[in-house]
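The structure under discussion appears below in the form of structure tokens.
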Amino acid sequence: MANPFLIPVIINLIDTNMLSTLLWLPIIGAIIVGLFPDKFAPAKLRQITVFFVAAVLLWSLYLLTQYNLTSSGFQFSEYREWAKPIGLSYNLGVDGLSLPLIILNCFLTGIAIYSTEEKLERPRLYYILILLINAGVSGALMAKNLLLFIVFYELELIPFYLMIAIWGGEKRGYASIKFLLYTAVSGLLVLAAFLGIGFLNGGTFDYSSLSTADFSQKTQLLLLTLLLVGFGIKIPLVPLHTWLPDAYTEASPATAILLGGILAKLGTYGLVRFGLQLFPETWSLIAPGLAIVGVISVIYGALSAIAQKDIKRMVAYSSIGHMGYILVAAAAGTGLSVLGAVAQMISHGLILALLFYLVGIVERKAGTRDLDILNGLMNPIRGLPLVSALLILAGMASAGIPGLVGFVAEFIVFQGSFSRFPVQTVLCIIASGLTAVYFVILLNRTCFGKLDNKLAYYPKVLKSETIPAFVLMVLIVFLGIQPNYLVRWIEPTTNSMVASLSGEAKPSFVLKKSSQKSSKTNWFNRGKFLSNS
């Protein structure tokens, strides 16, 4: 019988290590899956993985309920010495920028596991890799030490490489090697920038102790450029994007959901957290150039998507365009635009996950992703009518139709960016019309038209197969109708984040007393981050 006196001790231990619980649960799950005897069927390994992912998701939602909306700084902070001689510490914390992305990570990990076929080769390794990816992404988002961030930033590199190389498509070898090389370079560039920042700060890498105010402009520009290129590869931005179409196309639907919905967000998160926050003056200096790169990414992604015949590759190129909106918003540096950038990260993750999931169902049932072959999927008897209806809604969300979360995020981006970059913003609005073009092409050729008699009947889609799509669609609609449930967590942080650029952070979207109070907090003092942890 358990000692009743231990229960309060355990509860207190968890309560004071809330972020560690979130981080180590999937790692413990991966260890358990790896140590289970071989006699256990793959279904048992799947059940164990689902248990730990569900626990992580519920815990992240619990953190959301405990989050203080009146504070704009890091919360639930934890600090322990680790490798003091090299400046590495176990320093964790979350704010309005990181917490929504952590919840997105945990949620999409669950969607990825559900979308994985039960008859899977090497299931033990597969589930271990997914759990490690979840831990790596969450760890990077929680890290308040630059070296600790790099540890987690690189932790997901090998798992993603293996997931593409082992469970990918016909050209998985080429796609996985290309992904590995590009993302390895990304990590090296970010590490080089972090080492420069740390050494110039006397050897400290803890975020709350960093200041770039005394750096020369040339030094700031060099370090910021390293960060921009490093994180630009991860996002990716044009012209650093060439790994993305191959990786997304050859990856399985579950892996593609994790790549586009989660991994890419580490790049945009890094730009905002370490670019905008640590180098506010230099960021303002190069902002016009960043906005131009963002516009080029948006237009290039849309035009490239229009030219595709493979629907999965079309969705992959569409991702490049939508990530360009985030760069334009971050470059503008207004309270509203940065709020829109973070909202676009969440919106893009949900919509892209839905698109990849539905494309996976279409490929599995129809046996092809070729636009020249697919047609008539809306046929109520022989086609895939429910999947087609969901695909139409997903296309509408990606195109920014009002009432869906895609519209909310893009509207905030455009409204916040226009005052700083009117021309670039107008070009982005025009490019958003191109988004509608390629989705009309996709939907017109796949969902409508006459079903080929040679492909008389497609296999029926089970109700259980559509559950993830319905859950994603409900969230997309709900956050489109009630955007306050998304932006209320983000706004206090983004208002404080841009204070050094605008001189004053003003409430921009959520007109509540809590956000007005939190907007007075300034995280910058001539480039120095002031943490309340």
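The values are calculated or read from the model by the stated rules, or taken from the named source; none is laboratory data. No experiment lies behind these values; they were computed from the predicted model shown. No Cβ is skipped: glycine too gets one built from the backbone with ideal geometry, and neighbour counts run over all protein chains shown. Each accessible area value is taken on the protein alone, full model and side chains, heavy atoms only, with ligands, DNA and RNA left out. Shrake-Rupley method; radii C 1.70, N 1.55, O 1.52, S 1.80 Å.
Look through segment 73-94, keep the residues that are outside any strand (DSSP E or B) and out of contact with any Gly (no Cβ under 7 Å at 6 or more places or on another chain), and return whichever of them is surrounded by the fewest Cβ atoms within 10 Å (Cβ to Cβ). Step through it out loud before you land on a result.
At the first step, the residues of segment 73-94 found to be outside any strand (DSSP E or B) are 73-74, 84-87.
So of that shortlist, the ones also out of contact with any Gly (no Cβ under 7 Å at 6 or more places or on another chain) come out as 73, 84-86.
Numbers: GLY73: 21, LYS84: 9, PRO85: 6, ILE86: 11.
Among them, the one singled out is PRO85.
Taking the condition open to solvent by less than 80 Å² (accessible area, probe 1.4 Å) and either more than 22 Å from MET314 (Cα to Cα) or in contact with a helix residue (DSSP H, G or I) (Cβ under 8 Å, 6 or more places away or on another chain) (or both), does ILE476 pass? Give the derivation first.
On the way: open to solvent by less than 80 Å² (accessible area, probe 1.4 Å): yes; either more than 22 Å from MET314 (Cα to Cα) or in contact with a helix residue (DSSP H, G or I) (Cβ under 8 Å, 6 or more places away or on another chain) (or both): yes.
So ILE476 passes the test.
Which pairs turn up if I take residues in segment 237-251 that are farther than 15 Å from ARG172 by Cβ and look for partners that are at pLDDT below 90 and open to solvent by 10 Å² or more (accessible area, probe 1.4 Å) with beta carbon separation below 9 Å, at least 6 apart in sequence or on another chain?
none
Report the residue count in segment 235-272 for those that are surrounded by fewer than 24 Cβ atoms within 10 Å (Cβ to Cβ) and among the basic types (Lys, Arg).
0
Would you be able to tell me the number of residues in segment 381-403 that are open to solvent by less than 40 Å² (accessible area, probe 1.4 Å), closer than 24 Å to ILE430 by Cβ and assigned to a loop (DSSP other than H, G, I, E, B)?
3
What's the number of the condition GLY400 fails, among (1) closer than 30 Å to ILE292 by Cβ; (2) at pLDDT 90 or above?
Exception for GLY400: condition (2).
Mind checking which pairs have a first residue in segment 219-232 that is more than 16 Å from SER284 (Cβ to Cβ) and a second that is hydroxyl-bearing (Ser, Thr, Tyr) and assigned to a helix (DSSP H, G or I), Cβ under 9 Å, 6 or more apart or different chains?
Hits for this filter: VAL229/SER186; GLY230/SER186; PHE231/SER186; PHE231/THR268; PHE231/TYR269; GLY232/SER186.
Given the condition in a helix (DSSP H, G or I) and open to solvent by 10 Å² or more (accessible area, probe 1.4 Å), answer yes or no: does some residue in segment 365-380 qualify?
Yes.
Please determine, by comparing only the residues of segment 9-40 that are modelled with pLDDT under 70 and open to solvent by less than 80 Å² (accessible area, probe 1.4 Å), which one is nearest to the chain's Cα centre (by Cα).
The first filter runs over segment 9-40 and keeps only residues modelled with pLDDT under 70, leaving 9-15, 38-40.
Going one step further and asking which of them are open to solvent by less than 80 Å² (accessible area, probe 1.4 Å), we end up with 14, 40.
On the way: ILE14: 27, PHE40: 34 Å.
Restricting to residues being modelled with pLDDT under 70 and open to solvent by less than 80 Å² (accessible area, probe 1.4 Å), the top hit is ILE14.
Is it true that some residue in segment 218-231 is outside any helix (DSSP H, G or I) and more than 18 Å from the chain's Cα centre (by Cα)?
First pass over segment 218-231, keeping only residues outside any helix (DSSP H, G or I): none.
No, because not a single residue in segment 218-231 is outside any helix (DSSP H, G or I) and more than 18 Å from the chain's Cα centre (by Cα).
Is it true that MET345 is aliphatic (A, V, I, L, M), touching a residue at least 24 places away in the same chain (Cβ under 8 Å) and either in a helix (DSSP H, G or I) or open to solvent by less than 10 Å² (accessible area, probe 1.4 Å) (or both)?
When the stated conditions are applied, MET345 passes them.
Out of LEU108, LEU147, which single residue is touching a Leu at 6+ places or on another chain (Cβ under 6 Å) and at pLDDT 90 or above?
On the way: LEU108 fails: touching a Leu at 6+ places or on another chain (Cβ under 6 Å).
LEU147 is the lone residue from the list that is touching a Leu at 6+ places or on another chain (Cβ under 6 Å) and at pLDDT 90 or above.
If the Cβ limit is 8 Å and pairs must be 6+ apart or interchain, which residue in segment 303-319 that is over 21 Å from ILE430 (Cβ atoms) pairs with which residue that is of a type in the set (S, T, N, Q) and in a helix (DSSP H, G or I)?
ASP310/THR249; ILE311/THR446; LYS312/THR249; ARG313/THR249; ALA316/THR249
Kindly establish whether GLY433 is open to solvent by less than 80 Å² (accessible area, probe 1.4 Å) and either touching a Gly at 6+ places or on another chain (Cβ under 8 Å) or closer than 25 Å to LEU384 by Cα (or both).
On the way: open to solvent by less than 80 Å² (accessible area, probe 1.4 Å): yes; either touching a Gly at 6+ places or on another chain (Cβ under 8 Å) or closer than 25 Å to LEU384 by Cα (or both): no.
Considered against the rule, which asks whether it is open to solvent by less than 80 Å² (accessible area, probe 1.4 Å) and either touching a Gly at 6+ places or on another chain (Cβ under 8 Å) or closer than 25 Å to LEU384 by Cα (or both), GLY433 comes out as no.
Within the group THR204, THR249, which residue is in a helix (DSSP H, G or I) and either of a type in the set (S, T, N, Q) or touching a strand residue (DSSP E or B) at 6+ places or on another chain (Cβ under 9 Å) (or both)? Give the steps one after another, and end with the answer.
Details: THR204 fails: in a helix (DSSP H, G or I).
That would be THR249, the only listed residue that is in a helix (DSSP H, G or I) and either of a type in the set (S, T, N, Q) or touching a strand residue (DSSP E or B) at 6+ places or on another chain (Cβ under 9 Å) (or both).
Please pick out the residue among ILE320, ILE306 that is among the aliphatic types (A, V, I, L, M) and either within 14 Å of LEU237 (Cα to Cα) or buried (at least 24 other Cβ atoms within 10 Å of the Cβ) (or both).
Details: ILE306 fails: either within 14 Å of LEU237 (Cα to Cα) or buried (at least 24 other Cβ atoms within 10 Å of the Cβ) (or both).
Going through ILE320, ILE306 in turn, just one is among the aliphatic types (A, V, I, L, M) and either within 14 Å of LEU237 (Cα to Cα) or buried (at least 24 other Cβ atoms within 10 Å of the Cβ) (or both): ILE320.
Consider segment 392-433. How many of its residues are more than 22 Å from GLY261 (Cβ to Cβ) and among the β-branched types (Val, Ile, Thr)?
5
Residue-wise test of (1) modelled with pLDDT of 95 or more; (2) surrounded by fewer than 24 Cβ atoms within 10 Å (Cβ to Cβ); (3) out of contact with any strand residue (DSSP E or B) (no Cβ under 9 Å at 6 or more places or on another chain); (4) of a type outside the set (D, E, K, R).
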| position | (1), (2), (3), (4) |
| --- | --- |
| ILE113 | no, yes, yes, yes |
| GLU118 | no, yes, yes, no |
| ASN134 | yes, no, yes, yes |
| TYR153 | no, no, no, yes |
| GLY169 | no, yes, yes, yes |
| ARG172 | no, yes, yes, no |
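Does LEU97 count as surrounded by 13 or more Cβ atoms within 10 Å (Cβ to Cβ) and modelled with pLDDT of 85 or more?
Details: surrounded by 13 or more Cβ atoms within 10 Å (Cβ to Cβ): yes; modelled with pLDDT of 85 or more: yes.
Spelling it out, LEU97 is indeed surrounded by 13 or more Cβ atoms within 10 Å (Cβ to Cβ) and modelled with pLDDT of 85 or more.
I'd like to know if segment 449-466 contains one or more residues that are at pLDDT 80 or above, of a type outside the set (D, E, K, R) and surrounded by 15 or more Cβ atoms within 10 Å (Cβ to Cβ).
yes
Do you know which residues across segment 122-162 are within 21 Å of PRO100 (Cα to Cα) and aromatic (Phe, Trp, Tyr)?
Those that are within 21 Å of PRO100 (Cα to Cα) and aromatic (Phe, Trp, Tyr): PHE149, PHE152, TYR153.
What's the total number of residues in segment 352-364 that are over 23 Å from GLY321 (Cα atoms) and buried (at least 20 other Cβ atoms within 10 Å of the Cβ)? Walk me through how you get there before you give the answer.
We begin by selecting, within segment 352-364, every residue over 23 Å from GLY321 (Cα atoms); these are 361-364.
Those left that are additionally buried (at least 20 other Cβ atoms within 10 Å of the Cβ): 361-362.
The number of residues fulfilling the criteria is 2.
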